[in-house]
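The values are calculated or read from the model by the stated rules, or taken from the named source; none is laboratory data. Source: prediction; values computed, not measured. Don't worry about glycine lacking a Cβ; one is built from the backbone with ideal geometry, like all the others, and counts go over all protein chains shown. Only protein heavy atoms, including side chains, enter the accessible area calculation; ligands, DNA and RNA are left aside. Shrake-Rupley method; radii C 1.70, N 1.55, O 1.52, S 1.80 Å.
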Amino acid sequence: MDIKWNMGDLLDAVARVVPPGRPAIIQGERVVSWADLDARSNRLARNMMAGGLLAGDRVALLSRNAPEYLEGMVACFKARLVQVNINYRYRPDEVAYVFRDCGVTAVVYQKEFEPVLMEVRAAFPDVKLWICCDGEPGLQGAVRFDDLCVNGDPAPLGIERSGDDALLLYTGGTTGMPKGVQWTSHGYRESQLESPLLKIRPQNIEEHVAMVAANGAPGRVLPACPLMHGAGMASSVAELLVGGTVLLLPSPAFDADELWEVAATCKATRILIVGDVFARPMLAALDKQPGRHDLSALKVVSSAGLIWSEANKQGLLRHLPGVVLADIFGASEASGLGYAITSRDQSMPTGEFIPGPKTVLITEDDAVLGPGQPGEGMLARSEPLPEGYFGDPKKTAQTFRTIGGVRYGIPGDLARRDADGRMFLIG
């Protein structure tokens, strides 16, 4: 029988075997233990269902990085609701566009974004729940997030879930208006299990639980980018699924000195960034005060979404010689296209990478160049892939194509494969 991963089932199972006092989320002085995350998300899930939300309903998350973002996301997984990431920099018309595009049924938001919501609320009379994460809501009819997390039954929901339960990742709209990339729970987890940083790949939920229970020293990931970014969400979910800890920066704006302070104090094992916009100030902070922080726990700094330069990588390695620097090439539409690993023992030029096991090139005449076939074409990969763009069959057909009976995701990058198997981004 084929395994069908479900995020809610995995999170329920993990919560049963991790020490209840282990931190699940840390942000400044706030610590959410695994026992608290489990109980609060179970209550929140129940209360959202009691508020009229049904399996498959879309729940928008409009928030900066905060424990409530992760608690809301976990509750959605458990209640079979579809979490929708909203860019908190969007103007009212952009927020309204995404709400309308996905058919939002509930909104979890931070109070600072109430002015935006007040401008769009009248256009969405069918939203069943407006949930304010912090403080007293000023939006008429909204409820307090904490009230939904502390009242009710904290036990697991005991509902049957499916590997086809969905999650939506809205792209930033760099190629037009934002598009909702729809993944199944199973496909999303399968894509995560392709990571070259994983040492163990469980084949079923029993093996997964045994792996988590046997790991007395799980990782601590620090996503430097927003959780509403696909990379921030993916790294955080991946750590929670193995019983680890997510470290969130306290300040709303990125501060490299704060990042290194949190990484040292909270013993981060992995930092997730998005290219040189993070790497450059991180290196500058280390250059300014070398040796200030004890970063001995740090094992990996990974970047997803944007390439970072060889100069910044080598600069970081001067301060962190034992750390592995990983470039992860992918997109919301096609993850795991390739990887570039840099350490004190190996390096790769900027733009060069090792393709993932499912990565191919699609030529102009639709020839598929797989492993061992040099050439040039559009970077693509086969399943696991998203189901497509939510509610947009035309754009889905353009990006997700079946060639020779195999379905490929083709996000739009041109690359070349050399005879030795390595690939180079062209444009």
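Tell me the carbon and sulfur percent of the accessible area for segment 322-427, rounded to whole percent, probe radius 1.4 Å. Accessible surface attributable to carbon and sulfur in segment 322-427 totals 51 percent. Solvent-accessible area per residue for segment 129-257 at a 1.4 Å probe radius, Å²? That works out to 40 Å² for each residue.
Normalised by the number of residues in segment 212-350, the mean separation of alpha-carbon contacts (under 8 Å, six or more apart) gives a relative contact order of 19 percent. Solvent-accessible surface of segment 19-117, taken per residue with a 1.4 Å probe and all protein chains present: 32 Å². In segment 156-243, the portion of solvent-accessible area held by carbon and sulfur atoms comes to 54 percent [1.4 Å probe, whole percent, DNA, RNA and ligands not counted]. Simple point charges give the picture: +1 on the Cβ of Lys and Arg, -1 on the Cβ of Asp and Glu, and for the chain a dipole about the Cα centre of about 340 debye. For segment 67-191, the share of DSSP beta bridges that are antiparallel, to the nearest 5, is 40%.
Using a cutoff of 8 angstrom between alpha carbon atoms and counting only pairs six or more residues apart, the relative contact order for segment 386-427 works out to 22 percent.
Taking amide H positions as modeled 1.01 Å from N, with prolines and chain starts lacking one, the residues under 5 Å from G356 and 5 or more places away or on another chain are G338, Y339. Between N65 and L227, the built amide H atoms are under 5 Å apart, and every one of these is 5 or more places off in sequence or on another chain.
Rounded to the nearest Hz, the phi-derived 3J(HN,Hα) couplings of segment 367-375 under the Karplus curve 6.51 cos²θ - 1.76 cosθ + 1.60 (θ = phi - 60°) are 6, 9, 9, x, x, x, 10, x, x, where x marks glycine and proline.
Across segment 234-239, coupling constants 3J(HN,Hα) worked out from phi with the 6.51/-1.76/1.60 Karplus curve, θ = phi - 60°, read 4, 5, 6, 4, 4, 6 Hz, and Gly and Pro carry x.
Peptides 334-340, 136-142 ranked from most to least packed by the mean count of surrounding Cβ atoms within 10 Å: 334-340, 136-142.
Heavy-atom accessible area with a 1.4 Å probe sorts D38, D164, D9, largest first, into D164, D9, D38. Spacing of the modelled spin labels on N151 and E364, each 7 Å from Cα toward Cβ, amounts to 6.5 nm. In order along segment 402-419, the Karplus-derived 3J(HN,Hα) couplings, from 6.51 cos²θ - 1.76 cosθ + 1.60 at θ = phi - 60°, round to 9, 10, x, x, 10, 8, 10, x, 10, x, x, 9, 9, 8, 10, 10, 8, 5 Hz, and Gly and Pro are given as x. So what is the relative contact order of the chain, in percent, for Cα pairs below 8 Å that sit 6 or more residues apart? With pairs under 8 Å counted, the relative contact order is 13 percent. Taking amide H as placed 1.01 Å from N in the peptide plane, the amide H of V143 sits under 5 Å from that of W130, I131, C132, each at least 5 places away or on another chain.
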